[in-house]
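Right, one structure below, let's go through it.
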Amino acid sequence: MQKAADMMRDNAPAAAAAPEAMPPIAPRLLTDLLDKAVAQHGGRPAIDFLGRRWTYRELGELVRRAARGLQDLGVKPGTRVGLCLPNTPYFVIFYFAVLRVGGVVVNFNPLYVERELKHQIVDSGTTIMIVPDLEMIHSKVARIAEETGLANIVVCPFGAVLPPMKRAAFALFKRRDIARIPRDSRHVRFADLIADHADPEPVAQSPHDLAVLQYTGGTTGQPKGARLSHANLAANSAQMIRHVGHLPDRQERTLGVLPLFHVFALTTVLDYSVDTAAEMVLLPRFEMKQFLATIRRTRPTQFFGVPTIYAAMDALPDGKAPNLSTMKTCISGGAPLPFEVRDQFERRYGCRLVEGYGLSEASPIIACNPCEGVVKNNSCGPAFPETVLEIRDLDDPHRVLGRGERGEVCARGPQVMQGYWNRPDDNETVFVDGALRTGDVGYLDEDGYLFLVDRIKDLILCGGYNVYPRIIEDALYEHPAVAEAVVIGVPDAYRGQSPKAFVALHAGMHADEDELCAFLQERLSKIEMPSSIELRDSLPKTMIGKLSKKALADEEAARRAA
C-alpha cells in the first residue's frame, strides 16, 4: 500500500484515490468472516432459500462437517475443488468448507457446455467437483469426468434444501429433472460426505494463500483464471463496509439473484453479507414472478444487480411494481448503467441506485458512486476505499495522463489479484508498473470520478478515427422507445470498420431504423453514425444478464461468412 500511496502523490493530476480516514485494511482469511458471524450472531438467520432458513450457527456446523468430509476425500492445502452450483445453500457451505481445509475454490458456470467445462477443469487442475442432483448439470460433468481427471463428484440433492411443501412438489412434478446417481467410487452423496461428526484437522494458512480461481468471461480467446487470495476477497468486503459508511445497527437482508459463481455476487452477496452477519436471500435464477414474490415475502434491505434487471423492473406495469420502501442500498455492476435506466428506477421506486465498476481480476470492485453523497450521471464513481486509479496513455502505458484525458484505466489496491493461473505471458502484459490494466478506456474528472468510454477491444476504427460503441449506445438509450442497445464494429470496405447497432424496443412502443437514425443525427458525429440499425424483439444476454456483444459479433461474423 505504501508504494501505491507514493504513486498517488507523485502523479497527483492523474491518479484518484478514495479518502483515507481509517487504518489500512488488514489481511484476513475468508473463514474468519464466517467464524466472527457464528461467534457473535449465531442465532441470526444466515440463509433464506425459497422460504427455508438456516441460522449462522447451523451454517457453521454444516461447514465444519463438510470440511471434515472433504479432508476424508483427500483435500489438502492447494487442492482445487470446483463448485458447479446454482445459488443454493450448498454453494455457501462448500465455499467455506473448501477454504477451511486450505483448498482452492474454482467457480464454474453450471450452464457451461461440455467443451467449456473441459477447458476449465483441465486448466485449473480441478480434481473434485460439487454439483446438484439436477440432470442438466450432473450429466455434463459425469460424461467428462474420466477424461478430465475428476477423482470425485460430490452430489447435493436439490430437493433436500427446499421447504417441505416445495420439496414434495419438486419430487412429484420435477422427477425427470433429477439425475440418477450411479453407485460407484467416483460419486459421493452429500449426506455421506457430512456423516463424520469429527472436527476437521487444522491446517496452517495465510491470508495471502490462494483462495479462489475466478475465470474471466473469455470474450477474447480462452478464459483465464484470476488468482484471488483470501486477503484480496476479504479486502473487497472490507472496502464495501467502508463504502456503505458504517456497520449496520440491525441485521441487513441481501437479495441474491445474481449467480454466486460470478465474482460480483461472490463479493457483495456472499462475502460482504457474511462479513456483516446479514441474511442472504438466495434465488437459483432470475425469474420475474419468483423475484417479485420474494421481495414481497422477505422485504430485503440491499440488492446488487445488473442493468438489465433494473431495466426489467422499470418496465413492470404499475400493478406489479414491488414496494421497495425497506431497500437501503441498490448497486448496479457488471455492465454500464444507462442514465435513463437509473433515473426511471429512482423516480419510480424512490430508492437510490448507484453504479459501481470492477473486474474479476480485482475481486471485483475498484470504483463506485457513493451510497450517500454526490452521484454523477454516467459515472461509475470515485475510487473504492484504499484503491488508486490511474489513467494511462493507450500508446505508451508507462505514461500517466492528467485529469480529463482519455486512456486505459489502471488500478492498485489490496483487492487486486496475484496474477493469472499458469499464464506467465499474460501476467507480463496485464500489469504495468505494478498497476492492473483493466482494458477499459476512461477518464477521471476534476473530482476524481471515473467515466468509462469503452472497452479497448470494442474500439471501432473507422477510417483512422476511434469510435466508441458506448457513446452510440448512450445516445440510443435517450430515445424513449429504446429498451436495449448494443453496438459492434463490422467490416466496411471503405472505412475498414463501421458501427452497427442492435436495438430492442419497449413493449408497446414503435420506432423504425429511419426514425432512430434521424434521432441520432442530432447527437452523434457523422463518423459515429451506425451504418445500420437492426431491430429485434430482444437481445442476447450472458448468464448474469449482461447484454452480450460477443454473441452478436459471432452472429454477424457467421452471417457474413455465409
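The values are calculated or read from the model by the stated rules, or taken from the named source; none is laboratory data. From a predicted model like this one, the values you see are computed outputs, not experimental measurements. Please note: Cβ atoms are built from the backbone with ideal geometry, for glycine as well, and neighbour counts cover all protein chains shown. Protein only, heavy atoms only, side chains kept; ligands, DNA and RNA dropped before computing areas. Shrake-Rupley method; radii C 1.70, N 1.55, O 1.52, S 1.80 Å.
Would you mention how many residues in region 101-117 are farther than 12 Å from Val75 by Cβ, over 21 Å from the mean Cα position of the chain (by Cα) and either open to solvent by less than 20 Å² (accessible area, probe 1.4 Å) or at pLDDT 95 or above (or both)?
Of the residues in region 101-117, 0 are farther than 12 Å from Val75 by Cβ, over 21 Å from the mean Cα position of the chain (by Cα) and either open to solvent by less than 20 Å² (accessible area, probe 1.4 Å) or at pLDDT 95 or above (or both).
Checked against the criterion of being open to solvent by 10 Å² or more (accessible area, probe 1.4 Å), out of contact with any Asp or Glu (no Cβ under 6 Å at 6 or more places or on another chain) and not in a loop (DSSP other than H, G, I, E, B), the candidates Ala321, Ala312 yield just one match: Ala312. In region 277-293, which residue that is touching a strand residue (DSSP E or B) at 6+ places or on another chain (Cβ under 9 Å) and touching a residue at least 60 places away in the same chain (Cβ under 8 Å) is farthest from Gln251 (Cα to Cα)? Looking at residues that are touching a strand residue (DSSP E or B) at 6+ places or on another chain (Cβ under 9 Å) and touching a residue at least 60 places away in the same chain (Cβ under 8 Å), I get Phe286.
Inside region 40-71, residues that are of a type in the set (D, E, K, R) and assigned to a helix (DSSP H, G or I) make up a count of 6.
Out of curiosity, is Ile471 touching an Asp or Glu at 6+ places or on another chain (Cβ under 8 Å), assigned to a helix (DSSP H, G or I) and open to solvent by 10 Å² or more (accessible area, probe 1.4 Å)?
The answer is yes for Ile471.
Among residues of region 292-309 being of a type in the set (Val, Ile, Thr) and out of contact with any Ser or Thr (no Cβ under 7 Å at 6 or more places or on another chain), the one that is surrounded by the fewest Cβ atoms within 10 Å (Cβ to Cβ) is Thr298. The set of residues in region 344-359 that are loosely packed, with under 15 Cβ neighbours inside 10 Å, touching a residue at least 24 places away in the same chain (Cβ under 8 Å) and not in a loop (DSSP other than H, G, I, E, B) contains only Arg348. As for region 391-407, it holds at least one residue that is touching a Cys at 6+ places or on another chain (Cβ under 7 Å) and not in a loop (DSSP other than H, G, I, E, B). So, in region 360-380, how many residues would count as being surrounded by fewer than 24 Cβ atoms within 10 Å (Cβ to Cβ) and either among the acidic types (Asp, Glu) or within 20 Å of Ala235 (Cα to Cα) (or both)? Of the residues in region 360-380, 4 are surrounded by fewer than 24 Cβ atoms within 10 Å (Cβ to Cβ) and either among the acidic types (Asp, Glu) or within 20 Å of Ala235 (Cα to Cα) (or both).
Count of region 225-243 residues, restricted to those that are open to solvent by 20 Å² or more (accessible area, probe 1.4 Å), in contact (Cβ under 8 Å) with a residue 40 or more places away in the chain and under 24 Å from Gln302 (Cα atoms), is 2.
Take Asp192 and decide whether it is in a loop (DSSP other than H, G, I, E, B) and either surrounded by fewer than 12 Cβ atoms within 10 Å (Cβ to Cβ) or more than 30 Å from the chain's Cα centre (by Cα) (or both). Give the derivation first.
Values: in a loop (DSSP other than H, G, I, E, B): no; either surrounded by fewer than 12 Cβ atoms within 10 Å (Cβ to Cβ) or more than 30 Å from the chain's Cα centre (by Cα) (or both): yes.
Taking the combined requirement at face value, the residue does not satisfy it.
Within the group Ala37, Ala16, Ala4, which residue is at pLDDT below 95, in a helix (DSSP H, G or I) and either open to solvent by less than 60 Å² (accessible area, probe 1.4 Å) or basic (Lys, Arg) (or both)?
Ala4
Does Arg560 meet the test of being among the charged types (D, E, K, R), touching a Gly at 6+ places or on another chain (Cβ under 9 Å) and open to solvent by 20 Å² or more (accessible area, probe 1.4 Å)? No: the conditions fail for Arg560.
Applying the criterion of being at pLDDT 95 or above and polar (S, T, N, Q) to the residues of region 204-250, the residue that is farthest from Thr127 (Cα to Cα) is Gln239.
Yes/no per residue for (1) free of Cβ contacts under 8 Å to residues at least 40 places away in the same chain; (2) buried (at least 19 other Cβ atoms within 10 Å of the Cβ); (3) not aromatic (Phe, Trp, Tyr):
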position	(1), (2), (3)
Ile460	yes, yes, yes
Val467	no, yes, yes
Gln497	yes, no, yes
Ala507	no, no, yes
Cys517	yes, no, yes
Ile527	no, no, yes
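Name the single residue that is most open to solvent (accessible area, probe 1.4 Å) among those in region 127-162 being out of contact with any helix residue (DSSP H, G or I) (no Cβ under 7 Å at 6 or more places or on another chain) and over 20 Å from Arg176 (Cα atoms). Residue satisfying both the conditions and the ranking: Glu146. Restricting attention to region 515-556, the residues that are among the small types (Gly, Ala, Ser), under 30 Å from Val263 (Cα atoms) and part of a helix (DSSP H, G or I) total 2. Figure legend. Inter-residue proximity from region 48-67: first residues open to solvent by less than 10 Å² (accessible area, probe 1.4 Å), second residues basic (Lys, Arg), beta-carbon distance below 7 Å, spacing 6+ or different chains. Indicated pairs: Tyr56/Arg44; Val63/Arg100; Ala67/Arg100. For region 112-135, check the following and say yes or no: at least one residue is closer than 23 Å to His197 by Cα and assigned to a helix (DSSP H, G or I). So far as region 112-135 goes, no, none of its residues is closer than 23 Å to His197 by Cα and assigned to a helix (DSSP H, G or I).
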